[in-house]
Structure formats: C-alpha cells, structure tokens
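Visitor: Quick one: the structure is below, questions incoming.
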Amino acid sequence: MSLSLLQEHSNAVSKVNSTSIKLLFTCLLLLSTLHAEESIEIDLSGFDIEEQDNDESDLNGFGEDLDGFGESESIELNELAKVEEKTTPYTLLGNIAFKTNYGYTDHKVKAYKADSVGIEYAGFNQMQVSSYLQFDTKLSNTWKIRISGDAFYDFTYDINTQNNYNQAILDAYQTQLRFDDTYIQGSVSKDIDVKVGRQIVVWGKSDNIRITDVINPLDNRLPGLTDIEDLRLSTTMAKFDYYVGDWSFSAMAIFESRIFLEAAPRGEFFPVDVVFPGFAPDPFIQLQQPKSDLNNVQYAFAANGVFSGWDLSFYGADVLDTRWHLEGALPNASRVVSKVQMLGSAFNIVKGSWLFKSELAYLNGLKYNSTKNEKRRVDTLIGVDYMGVINTVLSLEVALRHILNYESQMSGLTAGLVPDYVEENEMQTAIRVTHSMQNDTLNATLLLSTFGHNWQYGGFFRASLEYDLMDALVMNFGLIDYLDTSIKEDKPFIHAIRNNDKIFLDITYSF
C-alpha cells in the first residue's frame, strides 16, 4: 500500500510563500555546484576501518615535516604507540545534537476522532535535544565488544500546550531511550568471523530505494527527512561470515522480532481519519509487536563476490515484512506484521566515471487487507551514478514492484473491505545530486523521490546543506516539500500529507 511505500519513502498565500522559499533555496544550491574544489574523500565507516582512518588522519598535513625522522625516532614512536595501546584498551565517543523543524504551511490534523479543533502543525514541530554514546573495547587481538545507545527529549510538547496531543504522539516523538549497535565480534579462525548482538546488516546496492535490503526495519516516524542509511534499526542476531577467495558467505539467525517504527496514528504523518474513512476507530487499531520467541526466529543467507571493477551478491531470507495487515474483524481487529520469504540478487559494475547498479527480489507470503489470498511480488531496480564532474555525484534509480495474481479490489475503496491502495505495478524514482565544496567542509544534496511511471502519485523533494562549522561541530540545514498526488482517491495517504512541508536544522557536536 502507499503507506508502506512512503514509510519504507494551505491556503493560497501560504503556497505562494512556500514556493518562493523552495525556489530561492534550490537556486542557492545549484549556484554552489559551479565551484570546483578538491576531490571528495570517501568516509569509511566500520569497527576496524575507524581505527585505521584515525591513524591515517593524524598524518594529514604534516607533509615534509615527517622527513628526517631516523630509525631511532621511528622506534621511539612505535614504542610510544604500543604503550598507548596498552593503557587505552577502550574508546568512548558520541555526540550531542539539537534538532528542530518548522512547518511553513498551515495544516491541522485531528488528535481524536471527535476533535473539532485539531493540532496545528504550522510552526515549530520539533525542538529535540539528543545524545549518542558508543563504547568499544578489545578483549584480545581478535575479539572486541561494542555497546552503543541513544536518547532524546523533545521540548515541543511542553511548549505547544495549546495542542491536545494524544498519547500515541507523545510516546512516538517526545522521549526515547534505547540500545543501538551492541555486540561482541571476533574470529574463530582465519576464515570465519562471528558477530552476536544488536547490529545492522545492509543488503543491496541502492542508496535511496529498498529492494533486497530486508534485514533491518526502518524508523518511519518522520518519512523523507532522513536518508535510509540513518533510519535502520539494529536487530539482535547471530551472524557468521566465511571468506574464501573473492567470495564471502554470511548466515544469520535473527532472534529479536523488531519491526518498523511507524508515525503516530492521528499525528501529522499518519492522519488515519483521512486515509481510512470509515475504518478508523478511536484509538486507532493497535499495531501488535511480534513476540521474540522460537516461532518468530528469522533466518537469512548471503553470498558476496567482490572482483576488479564489479561485484555480485545473492540473498535469501525468511524475515518479518516491512508492512502490516489486519487480522480479525473490526472493531476487534489488530494490525499484524507477518513473515515473508525473499530471494534476491544485486550487481554493481564500474565503467570509467559511471557506476551501474541493479537489484532483483522475489517475495512470497505477502498479506493484504482487501484479500485473503497471500500474494507474491517481483521487485526490480536499475540505477546509475555519474562521477565525471569534480566533487559531484549524480544518481538516478528506478524501481518497479509487480504483484502477481493481482486482484482489482486491492487498488482502492471497496465496500466492507479495509483498503490497501496498491497497484499491480508501482514505480518509484529517485534522483540525487551531491556536491562537495571547501575541502569537503560544505556538502550540498538535492533529492527527488517520486511514485508512479510519470510521477502522478506524488513523493517528496529535499534540499540540504551540511557545513562543518569547526572541528567536531556540524550544521545541517534544509527543506523538504511533500509533493501532492494528482489522483488523491488512489493514494490518499500521500495526498493527506501534502502540506507537511518543513524547514529543518540540525546542529551536532561530536566527541
């Protein structure tokens, strides 16, 4: 349904003002791409690579100052490094951030079904203070532990006392305290690695659209505001990797039945009374959290080959779906997430300044609201990145999802059935432009994500500037515009959030 696609993706004066803001901001970003700066350095992340990057970055800028160090000086430095390594067997890092966004279009959403006033979402909708901590320690030369977590508190709900927020909104957006990556990792032999605990596993080659990337659920509370790479939720599993030649083979047993975080019902991004007219009890139908027991253990397997100029991957998984369906009869129905099976493949090849990518996934066991028959779906993606312009990456990705044995009532409202709002063939397009300036301290990004073969089902446009104010202090400023669908009866969810346009600002201090 469109809800899953956008979650995995008002008056005349206000519209004129918002259009002016968007045009001005976009022009500034496009003008910035005229500047040619130095080449972009790749930001490598990962437990082992982080340590290597830190060592190499310490040498940057020394240049010829390192010349003249004799053998005795080198030995002394090595001895000091060994002492430091012995005295600091662990690292502690993190960040503190302030995040805010401002809705510049008037729009209201019912807080309760009988609410005649509604919550006004024009103005400040987020004034969040958040923190992240990560603790790493080595148990030996081959084993290590990571423990990380994050927390936030949003003062918006203490300030906007005129809005009668329901409990679901407060639970989703006011506070958070959770563990993120928390695992033990090591090698049992030179060819076999083990990693047990909460972790993230990324499948596929796409940066903007999920096709084979089915292992970790997403945080869909603020759709479109953040890239997929920052939305994945760590999940508890045991992962085994075996390396042979150019290939690596992975096997996973996922013990935690963690599902996506959805936008709060009757909140700004899930106005259920508009999306499901006649099927929206108050409170809204409960989303059941699957039990983490033996019956819900998920399994996944992957084979990855990395070769000169190209790579190839094969995937198989029995995991929880990225969408919900109803079980039971109203008003006692529940929203349930069940298991699906996926077989897929992904491919990348580099040709000069071009990177070509593709993904293919076959899914079985999909359940919908408007039919009792389980469905199968074939998802395909093709994409290309062009890096021939200095400090700039141009990206285009197009995905098609085709439902096998499609039934006509799945497309919209049918008497007596809860609608799914899905088409037999649904297309999604993502266009991204990134440009780096001032020695990679200023980065501009434009992203357009749309639905439909001619973009008739809306989507969103996001523009942002990330600037390193000083060492360890980064500011990210931008706007997002939610594009309306031209056929609101087919995609009422996208139509319902058409006025959620925002300016956003994040300031992060890392330590």
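Visitor: Give me the 1.4 Å probe accessible area per residue for the range 143-275, excluding ligands and nucleic acids, in Å².
Guide: Numbers: 5320 Å² over 133 residues.
So the range 143-275 comes to 40 Å² accessible per residue, rounded to a whole number.
Visitor: Might you work out the accessible area of Tyr362 for me, using a 1.4 Å probe with all protein chains in place, and round it to the nearest 10 Å²?
Guide: Tyr362 exposes around 80 Å² with every protein chain in place.
Visitor: Show me the three semi-axes of the equivalent ellipsoid for the range 107-175, from the C-alpha gyration tensor (sqrt of 5 times each eigenvalue), largest first, rounded to whole Å.
Guide: Working: eigenvalues 327, 29, 13 Å².
Equivalent-ellipsoid dimensions as semi-axes: 40, 12, 8 Å.
Visitor: Any idea how far apart Lys372 and Trp143 come out in nm if each label point goes 7 Å out from Cα toward Cβ?
Guide: Going by the 7 Å Cα→Cβ label model, 5.3 nm.
Visitor: If you don't mind, another one. Going from most exposed to least, what order do Thr105, Thr161, Thr88 have by accessible area with a 1.4 Å probe?
Guide: Values: Thr105 0, Thr161 105, Thr88 75 Å².
Heavy-atom accessible area, descending, gives Thr161, Thr88, Thr105.
Visitor: Same structure again: Pop the C-beta distance of Ser189 and Leu417 into the FRET formula with R0 = 56 Å and round what comes out to the nearest 0.05. All intermediate terms of the calculation are to be shown ahead of the outcome.
Guide: Details: r = 55 Å, r/R0 = 0.99.
Step by step, r from the Cβ atoms, then E = 0.50.
Visitor: So, with +1 on the Cβ of K and R and -1 on the Cβ of D and E, and no other charges, what is the size of the charge dipole of the range 362-469 about its Cα centre, to the nearest 20 debye?
Guide: Details: 8 positive and 12 negative charges, 70 e Å.
In total the dipole reaches around 340 debye.
Visitor: So, with a 1.4 angstrom probe, what is the percent of accessible area on the range 285-360 that is carbon and sulfur?
Guide: Numbers: 2310 of 3830 Å².
Reported share for carbon and sulfur atoms: 60 percent.
Visitor: Do the alpha carbons of any pairs in Lys108/Lys502; Lys113/Lys502; Lys291/Lys339 sit beyond 23 Å of each other, and which pairs?
Guide: Numbers: Lys108/Lys502 14 Å; Lys113/Lys502 25 Å; Lys291/Lys339 12 Å.
Table pairs above 23 Å Cα-Cα are Lys113/Lys502.
Visitor: Name the residues of the range 128-142 whose amide N is less than 20 Å from a point 7 angstrom out from the Cα of Thr175 along the C-beta direction?
Guide: Only 128-133 fall inside the zone, counting backbone N under 20 Å.
Visitor: Something else about it: Taking a virtual spin label 7 Å from the Cα of Leu343 along the C-beta vector, which residues in the range 359-376 bring their backbone nitrogen under 11 Å of it?
Guide: 362-364
Visitor: Now a separate question. If you plug each phi of the range 156-169 into the Karplus form 6.51 cos²θ - 1.76 cosθ + 1.60 with θ = phi - 60°, what whole-Hz ³J(HN,Hα) values come out, in order, with x for Gly and Pro?
Guide: So the Karplus estimates, Gly and Pro as x, are 4, 7, 8, 8, 7, 6, 6, 8, 8, 5, 7, 5, 4, 5 Hz.
Visitor: Same structure again: For the range 255-356, just list the percent of Cα-Cα distances falling in each 5 Å bin from zero outward, please.
Guide: 2, 10, 15, 15, 13, 10, 11, 9, 7, 5, 2, 1
Visitor: As a test of reading the structure, rank Ser140, Ser345, Ser436 by solvent-accessible area (1.4 Å probe, protein chains only), most first.
Guide: Values: Ser140 50, Ser345 30, Ser436 0 Å².
From most accessible down to least: Ser140, Ser345, Ser436.
Visitor: Using the alpha-carbon centroid of each, what span in Å lies between the range 218-255 and the range 158-208?
Guide: 11 Å
Visitor: Name the residue farthest towards the positive end of the dipole of the range 434-511 from the options Asn443, His453, Tyr467, assuming +1 on Cβ of Lys and Arg, -1 on Cβ of Asp and Glu, about the Cα centre.
Guide: Checked the options; the winner is His453.
Visitor: For His453, what accessible surface area do you get with a 1.4 Å probe? Give it in Å², rounded to 10.
Guide: 130 Å²
Visitor: Leaving out ligands, DNA and RNA, and with a 1.4 Å probe, what % of the accessible surface on the range 373-511 is carbon or sulfur? Show your work: numbers first, answer last.
Guide: Numbers: 3450 of 5850 Å².
The nonpolar share, carbon plus sulfur, comes to 59 percent.
The values are calculated or read from the model by the stated rules, or taken from the named source; none is laboratory data. Please read all numbers here as calculations on a predicted model, not as lab measurements. FYI the Cβ positions are ideal-geometry reconstructions off the backbone, even for glycines, and counts take in every protein chain you see. Note: areas computed on protein heavy atoms with side chains; ligands, DNA, RNA excluded. Shrake-Rupley method; radii C 1.70, N 1.55, O 1.52, S 1.80 Å.
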